[in-house]
Amino acid sequence: MDKYFEWDLEKLAQKQGLSEVLKELDLNELERYLLTRLFVPKPDAMKQTLEQYKEAVQHMRGIPENSRPWLTAEDVAKMTIDNEFLSSAEFHDRLLRSLYVWHFDYYRGPVLAMLRKLEMFTSGTYLFPDLMDPYGSAVLRATLLLAVKYFQDLQTALQAYLLNRNFLVLCIGMGLDLDDALRRAVDYFYIIENRREFALDMSTFLYNNETYLGVKPDGSMGDASYWIDQFEIFSNKKFDGVSLINFMADQARWKNTTDEERMVIKQIIELFVHLVSDHYVMPPAEVIAEYERKSGTPAKKEPAKQGVSLNDVKKNIEREFKKDAEGQFVNLEGALAKLADLAEKYGNPDIAEMYYFDEGENKFKWKE
């Protein structure tokens with residue numbers, strides 16, 4: 001996808017004679033990624049921006065004692081979220097550390113718990129109108145960072161919501177990689193028919209996004225469906241890359257639209273084309289070969305008939321739930337409930353029966 005919305009911190013700092021200040025921060029790639037998306041650089045006030053980054057990155061690195069322990073699933077479960085809590089320095093300090101850890105590695109449990117808490121607090125809107133900036137903006141941007149990073153793990157309703165609201169435009173403007181997020185979400189399914197069905201469902205939600213986006217040549221406001229329809233007509237339903245380049249180069253079409261709007265429109269069209277074509281659907285041959293090598297089972301005999309492999313389910317459950325010294329899940333009830341939820345989601349009762357109590361061995365174990 002286009003890197004139009006990436007920030008060149010070196011160039012911005014150099015223009016104001018702050019190159020050494022930026023160098024002293026010694027930001028790694030992930031720190032740069034998170035900081036520039038949580039706190040947008042101010043080209044005319046880079047000194048203020050870098051001071052903000054200097055303070056925030058300390059919390060990301062867990063240097064101050066109050067931010068050192070990142071949020072676990074248990075910590076999130078105990079939270080009572082309200083506007084005062086979301087505006088507290090303690091929460092934001094730990095959130096910065098947690099965002100770094102949750103992006104550095106895979107922490108599905110606490111992330112989904114956090115998103116669920118925010119969903120309940122906002123009645124499903126994920127909007128924070130009563131939070132004064134910088135808190136409101138930071139919480140919203142942190143929410144979108146997590147939602148895109150863990151897009152494949154979200155419930156379908158939330159995936160659709162992100163594509164069908166103004167969050168789509170904000171995510172693109174933040175430089176979040178929705179192309180990779182959608183690819184991972186499609187890859188959550190193994191059966192080709194299920195991959196294609198999911199991709200087409202997502203394309204429908206994206207197409208029906210009614211967020212005002214750019215100005216049509218006649219002066220009225222456009223939206224995702226308008227620009228996608230225009231490209232379909234322009235390309236004679238070919239949806240190819242050369243046609244998109246020529247479509248975006250048609251100056252008369254964009255005379256009332258800013259460069260930023262035009263780049264958002266371009267990425268939305270690319271996402272739609274990838275969803276309605278087999279761009280995401282057909283896994284590369286090496287992916288299939290690797291699956292067969294690891295599982296020892298030919299792909300065509302994969303036992304999970306509803307779009308997710310049992311091997312993947314087991315791997316994700318063991319990654320999410322801790323075990324005790326005897327190899328038993330500490331939160332057994334939670335693990336069993338998760339398996340039941342997955343069985344319902346994928347219409348596959350075998351998932352719920354994967355982990356069972358062996359009376360002979362007097363313990364729970366995975367079904368072979």
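Bridgeable lysines around Lys216 (alpha carbons under 24 Å apart, same-chain partners fewer than 8 residues away excluded): Lys237, Lys238, Lys255, Lys266.
With only alpha-carbon pairs counted, each pair once and no self-pairs, how large is the Kirkwood hydrodynamic radius of segment 156-283 in angstroms?
Details: mean 1/r = 0.0669 Å⁻¹.
Evaluated on segment 156-283, it is 14.9 Å.
Scalar couplings 3J(HN,Hα) for segment 202-210, obtained by applying the Karplus form with A = 6.51, B = -1.76, C = 1.60 to θ = phi - 60°, are 5, 5, 5, 5, 5, 4, 8, 5, 9 Hz; x denotes Gly and Pro.
Would you kindly state how much longer the chain becomes between Lys42 and Gln16 on full extension, computed as 0.36 nm times their sequence separation minus their alpha carbon distance, in nm to one decimal?
On the way: separation 26, 0.36 × 26 = 9.36 nm, distance 1.14 nm.
Contour length minus Cα-Cα distance gives 8.2 nm.
Taking θ as phi - 60° and the Karplus parameters 6.51, -1.76 and 1.60, the scalar couplings of segment 69-82 work out to x, 6, 6, 8, 4, 5, 4, 5, 4, 7, 5, 10, 8, 8 Hz in sequence order, x denoting glycine and proline.
Calculated [222 nm] ellipticity per residue, helices only, for the chain: -17500 deg cm²/dmol; basis is -39500 (n - 2.57) per DSSP H run with n ≥ 4, divided by all residues, nearest 500. Annotation: amide H of Lys323 within the under-5 Å range of Val330, sequence separation 5 or more or interchain, hydrogens built in the peptide plane.
Does the chain come out rounded, prolate or oblate, given a ≥ b ≥ c as the square roots of the eigenvalues of its C-alpha gyration tensor, rounded meaning a/c under 1.5 and, failing that, prolate meaning a/b above b/c? If you can, show how the numbers build up before the last one.
On the way: a/c = 1.97, a/b = 1.19, b/c = 1.66.
Oblate.
Please report, in debye to the nearest 20, how large the charge dipole of the chain is about its Cα centre when each Lys and Arg carries +1 at its beta carbon and each Asp and Glu carries -1 there. Don't skip to the answer; put the middle values down first.
Working: 46 positive and 61 negative charges, 70 e Å.
Here the chain has a charge dipole of around 340 debye.
Sequentially through segment 151-159, phi angles give Karplus couplings (6.51, -1.76, 1.60; θ = phi - 60°) of 4, 5, 9, 6, 5, 4, 4, 6, 4 Hz, Gly and Pro residues having no value and appearing as x. Amide H to amide H distances under 5 Å link Phe364 with Asp358, where only residues 5 or more positions off or on other chains count and H is placed in the peptide plane.
What percent does the relative contact order of the chain come to when contacts are Cα pairs within less than 8 Å and at least six residues apart?
Working: 379 pairs, mean separation 42.8, N = 368.
Contact order relative to length: 12 percent.
Using only alpha carbon pairs under 8 Å that are at least six residues apart, calculate the relative contact order of segment 20-109 and give it in whole percent. Dividing the mean separation by the residue count of segment 20-109 yields 32 percent. Placing pseudo-labels 7 Å out from each Cα toward the beta carbon at Ser220 and Glu51 gives an inter-label distance of 4.9 nm.
The GluC sites (Glu not before Pro) found in segment 202-281 that occupy coil by DSSP, while having at most 16 further C-beta atoms within 10 Å, are Glu210. Cross-link reach is defined here as a Cα-Cα straight distance under 24 Å, omitting same-chain residues fewer than 8 places apart; for Lys11 the lysines meeting it are Lys3, Lys23, Lys42, Lys47, Lys54.
Can you give the charge dipole size of segment 156-283 about its Cα centre, rounded to the nearest 20 debye, using +1 on the beta carbon of Lys and Arg and -1 on the beta carbon of Asp and Glu? If you can, show how the numbers build up before the last one.
Details: 12 positive and 19 negative charges, 21 e Å.
That gives segment 156-283 a dipole magnitude of about 100 debye.
Summary of the geometry: segment 90-122 and segment 10-65, compared by the centres of their Cα atoms, lie 22 Å apart.
Take 345-353, 249-257, 223-231 and order them by the average number of nearby Cβ atoms within 10 Å per residue, most first; the result is 223-231, 345-353, 249-257.
Expressed in nm to one decimal, what extension gain is obtained for the pair Ala89 and Met132 from 0.36 nm per residue of sequence separation less their Cα-Cα distance?
Numbers: separation 43, 0.36 × 43 = 15.48 nm, distance 1.33 nm.
Going from the current span to full extension adds 14.2 nm.
Excluding same-chain neighbours fewer than eight residues apart, the lysines reachable from Lys323 by a Cα-Cα span under 29 Å are Lys78, Lys117, Lys149, Lys294, Lys305, Lys314, Lys315, Lys338, Lys345, Lys363, Lys365, Lys367.
Computed from the coordinates by the stated procedures, all read-outs in this text should not be read as laboratory data. This is a predicted model, so every value here is computed, not measured. Please note: Cβ atoms are built from the backbone with ideal geometry, for glycine as well, and neighbour counts cover all protein chains shown.
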